[in-house]
Structure formats: structure tokens, C-alpha cells
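Every read-out reported here was derived from the displayed coordinates using simple, explicitly stated rules and does not represent laboratory data. Note that this is a predicted model, so its numbers are computed, not measured. Neighbour counts run over all protein chains shown; Cβ positions are idealised from the backbone, glycine included.
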Amino acid sequence: MYEGMSYVYLDPSGAPRCWGDGEVQVFCDYRQRAATARISRHEVLAGLTAVPAPADLNPLVWRRNGQKRRTRSEGRQADG
């Protein structure tokens, strides 16, 4: 595990049961990340009058996620 995350690259060899290349990522804190994403999306949408296209909305949500993670990390450091 590297900082709470592990990953495995998929084999692009064209083997009979291989559907393509890419990677699988596993996060130890997946549930927390998903909850943060739901809350961030809700908060971002609450501040808008219309729902933008995903290409415009996603960066706003990602930025809010980063703000929440930094705040959570700073809180842990203060407790430490």
C-alpha cells in the first residue's frame, strides 16, 4: 500500500479473457472519499442557479473535495 492506496495494472496483451489495458485502484478510505464527494457535489450545486455540464461541474466538485481533505488533514495534525 502506498499512502492508503494500491493499484494493479491490467495486462494489454490481448489474452483471451483480457478486455483491455488500464489499472485497478483500491483506496483504504474509499467510503470516506465517496461521502466527501457526495457532500462536495451537494454543496457546489446548492450554490448554483443552474446545473452546468459535467465538464464544468466536475472541476468545481474536485476543488471542493481538495478543500475538505486539506481541512481534515490540518485537523488531524493539530490533534497529533
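Worth pointing out:
- Length gained when the stretch residue 33-residue 70 is fully extended (0.36 nm per residue, less Cα-Cα span): 12.0 nm
- Electrostatic bookkeeping for residue 56 treats Lys and Arg as +1 and Asp and Glu as -1; over the other residues with beta carbon under 15 Å from its beta carbon, the sum is +3.
- Peptides 47-58, 31-42 ordered by packing proxy, namely the average of other Cβ atoms within 10 Å per residue, highest first: 31-42, 47-58.
- Summing Lys and Arg as +1 and Asp and Glu as -1 over all other residues whose Cβ lies under 12 Å from the Cβ of residue 33 gives a net charge of +4.
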